Amino acid sequence: MNWETVIGLEVHVQLATKTKIFSAASTSFGATPNTQACAIHLAMPGTLPVLNKQAVNYAIMFGLAIDAEICQESVFERKNYFYPDLPKGYQTTQLEKPIVGRGSVTIQLADGTEKAIGIHHAHLEEDAGKSTHEGDLPYGMSGVDLNRAGTPLIEIVSEPDMRSAEEAIAFAKKLHSIVTSIKICDGEMSQGSMRFDVNVSVRPAGSSALGTRTETKNLNSYKFMEEAIEREVERQIDLIEDGGTVAQETRLYNGDTKVAKSMRSKEEANDYRYFPCPDLLPVLVSDEAIEELRRALPELPDARQKRFVSQYVLSDYDSEIIASDSNMSAFFETVAKDSSNAKLAANWVMGELSGALNTAGLSFIESPVTAQQLAGMVVRISDNSISGKMAKQVFEAMWQGEGNADEIIQAKGLKQVSDSGALEKIVAEVLDGNPAMVEDFINTDESKRKKKLGGFMGQIMKASKGQANPQQVNQILLQKLNALL
């Protein structure tokens, strides 16, 4: 039987506020455990929440960015469940009246096709704490860190519109691009700033009925999401074809061990005993406030991509990659403007620099090579002061903190030889010193002579200590050899 996969995502986005959603406690990452938990997160008697206005604004900004409905009256509820990292015994969230209603996000797939993925809603809520585990059971120890408790989130709930892991990842990347572009989230998935819950079911191809779904929780990388989806789809199909049934449950996937396992049976809404939070009034948002936030929205990824094509004459492919990351975009624009060579700037930003950053686990804002330094190197490539091969040496030295491009070129003697007279002399000396190679070239069939040029080029570059301009050398070499035919 042919099967169709049905996927929906619930995406938890930590909002980039300085304080928590219902208190003045800090949201900064990496502090000593439990140093950023206040009486509200500890559920001390007599404490009352105070709503963070910036969190509300950030949620509205997301809704505007995807052209979704903005609910001008939203309500907070208590979602009751018991877990060690939730001292209150409930999570303050939104259910019946979320702040962001229906919208959609358009994704582009590898083959160039586009698809609209529906957004059911996005609601505000507080994050829970984090359980920590040291050592192996049964003698290991567990602890609770409440620093994350109360951090403001929006949970973005998609429609079950995705049909493959590729579509799910494209959707997740597009959401990441949007929330980082409008600066409501730092997007650091390794720090938990974005986490993905993946709902997966399968059904016979052509069927409109939805199968029983499972939810794989807390995925924080695209790679792990892809693996989790593919393994879960395979598991469900095998289970059904062997005569079994899929249980509605919550699952976990360990990306390091590549092991997926059941966590618990999936709760329904009534299991959480939702009821309106008695400590928080409804949130009322005026037309004026919405329009003010709409006017303040930064440039969105799709608009930035189109501008890169028109302003910098980049290909659709290059502009799509760069525009998807707001920090990469800012870096690229500085290099392009300072070097006056957008295409070369794009190549280095997407290629050598991105590769080095990925290897080092750094973001563009943490790059050891500044945009101004890279622009200076691009200028020297453009004016033929250095070759592409030399540029890699210069880049490596800049990465190591040895100075800017001009300082490194001077210190290492990397300036490219482009003087025609000097190059003609080197070429002549190589030809005179290798009569057998010259004779072989002359006697080789015309269609195969091009392959013989490499030997000469190697000798010439060696003689020039790698500093000869390859394009000029190639022209001079061909002229001299053709004259001997």
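Every residue, every condition in (1) in contact with a Phe, Trp or Tyr (Cβ under 7 Å, 6 or more places away or on another chain); (2) β-branched (Val, Ile, Thr); (3) within 27 Å of Leu42 (Cβ to Cβ); (4) modelled with pLDDT of 95 or more, yes or no:
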| position | (1), (2), (3), (4) |
| --- | --- |
| Pro87 | no, no, yes, no |
| Thr92 | yes, yes, yes, yes |
| Gly103 | no, no, no, yes |
| Tyr139 | no, no, no, no |
| Ser142 | no, no, yes, no |
| Pro152 | no, no, yes, yes |
| Val157 | no, yes, no, yes |
| Glu166 | no, no, no, yes |
| Thr180 | no, yes, no, yes |
ask   = Among (1) charged (D, E, K, R); (2) part of a loop (DSSP other than H, G, I, E, B); (3) under 25 Å from Tyr253 (Cβ atoms), where does Lys88 come up short?
value = (3)
query = Taking the stated definitions as given, is Thr214 of a type outside the set (Phe, Trp, Tyr), touching an Asp or Glu at 6+ places or on another chain (Cβ under 9 Å) and closer than 22 Å to Leu64 by Cα?
reply = no
inquiry  = Could you check segment 66-83 and list, in sequence order, the residues that are surrounded by 13 or more Cβ atoms within 10 Å (Cβ to Cβ) and either outside the structural domain of Lys174 (by TED's automatic domain parsing) or under 25 Å from Met44 (Cβ atoms) (or both)?
reply    = Val75, Phe76, Glu77, Arg78, Lys79, Asn80, Tyr81
inquiry  = Condition check: surrounded by 20 or more Cβ atoms within 10 Å (Cβ to Cβ), closer than 29 Å to Gly351 by Cβ and over 38 Å from the mean Cα position of the chain (by Cα). Does Ala391 satisfy that?
reply    = no
Conditions (1) outside any strand (DSSP E or B); (2) modelled with pLDDT under 95; (3) of a type outside the set (Val, Ile, Thr); (4) closer than 29 Å to Gln94 by Cα; number of the one not met by Arg294 = (2)
key: Members of segment 232-243 found to be surrounded by fewer than 18 Cβ atoms within 10 Å (Cβ to Cβ) and not small (Gly, Ala, Ser), listed by number   = Glu234, Arg235, Ile237, Asp238, Leu239, Glu241, Asp242
ask   = Here are Ser131, Ser104: which of them is of a type in the set (S, T, N, Q) and free of Cβ contacts under 8 Å to residues at least 40 places away in the same chain?
value = Ser104
key: Scope segment 473-485; condition at pLDDT below 80 and surrounded by 16 or more Cβ atoms within 10 Å (Cβ to Cβ); matching residues   = Val473
task = Please state which of the following conditions Tyr272 fails to meet, knowing it meets all the rest: (1) surrounded by 14 or more Cβ atoms within 10 Å (Cβ to Cβ); (2) modelled with pLDDT of 95 or more; (3) over 17 Å from Thr180 (Cβ atoms).
result = (2)
message = Restricting to segment 275-317, count the residues that are surrounded by 12 or more Cβ atoms within 10 Å (Cβ to Cβ) and among the polar types (S, T, N, Q).
response = 3
query = Taking into account only those residues within segment 43-63 that are touching a Leu at 6+ places or on another chain (Cβ under 7 Å) and assigned to a loop (DSSP other than H, G, I, E, B), which is farthest from Val157 (Cα to Cα)?
reply = Pro49
note = From the option list Val179, Val157, single residue qualifying as within 14 Å of Ile66 (Cα to Cα) and in contact with a helix residue (DSSP H, G or I) (Cβ under 8 Å, 6 or more places away or on another chain) is Val179
task = Starting from residues that are assigned to a strand (DSSP E or B) and of a type in the set (A, V, I, L, M), keep the ones in segment 149-185 and report whichever is nearest to Ala37 (Cα to Cα).
result = Leu153
message = Just to be sure before I move on: is Thr92 touching a residue at least 40 places away in the same chain (Cβ under 8 Å), surrounded by fewer than 17 Cβ atoms within 10 Å (Cβ to Cβ), within 26 Å of Ala31 (Cβ to Cβ) and touching an Asp or Glu at 6+ places or on another chain (Cβ under 8 Å) in the structure I sent?
response = no
message = Give all pairs with beta carbons closer than 8 Å in which a residue from segment 340-353 that is touching a residue at least 12 places away in the same chain (Cβ under 8 Å) meets a residue that is hydrophobic (A, V, I, L, M, F, W, C) and surrounded by fewer than 16 Cβ atoms within 10 Å (Cβ to Cβ); count only pairs at least 6 apart in sequence or on separate chains.
response = Ala342/Val313; Lys343/Val313
inquiry  = Just to be sure before I move on: is Ser367 under 20 Å from Asn327 (Cβ atoms), within 24 Å of the chain's Cα centre (by Cα), hydroxyl-bearing (Ser, Thr, Tyr) and crowded, with 16+ Cβ neighbours inside 10 Å in the structure I sent?
reply    = yes
Residue that is surrounded by the most Cβ atoms within 10 Å (Cβ to Cβ) [pool: residues in segment 20-56 that are within 25 Å of the chain's Cα centre (by Cα) and among the polar types (S, T, N, Q)] = Thr27
ask   = Just to be sure, is Leu414 surrounded by 16 or more Cβ atoms within 10 Å (Cβ to Cβ), among the aliphatic types (A, V, I, L, M) and in a loop (DSSP other than H, G, I, E, B)?
value = yes
key: Those residues of segment 365-404 which are part of a helix (DSSP H, G or I), of a type in the set (Gly, Ala, Ser) and farther than 19 Å from Lys343 by Cα, in sequence order   = Ala397
request  = Output the residue which, of all residues in segment 273-313 that are among the β-branched types (Val, Ile, Thr) and over 24 Å from the mean Cα position of the chain (by Cα), is farthest from Ser23 (Cα to Cα).
outcome  = Ile290
inquiry  = When the residues of segment 447-469 are narrowed to those that are part of a helix (DSSP H, G or I) and buried (at least 18 other Cβ atoms within 10 Å of the Cβ), which ends up nearest to the chain's Cα centre (by Cα)?
reply    = Met461
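The values are calculated or read from the model by the stated rules, or taken from the named source; none is laboratory data. Model, not experiment: these values are computed from the prediction. Every residue, glycine as well, gets a Cβ built from its backbone with ideal geometry; the counts of neighbours run over all protein chains shown.
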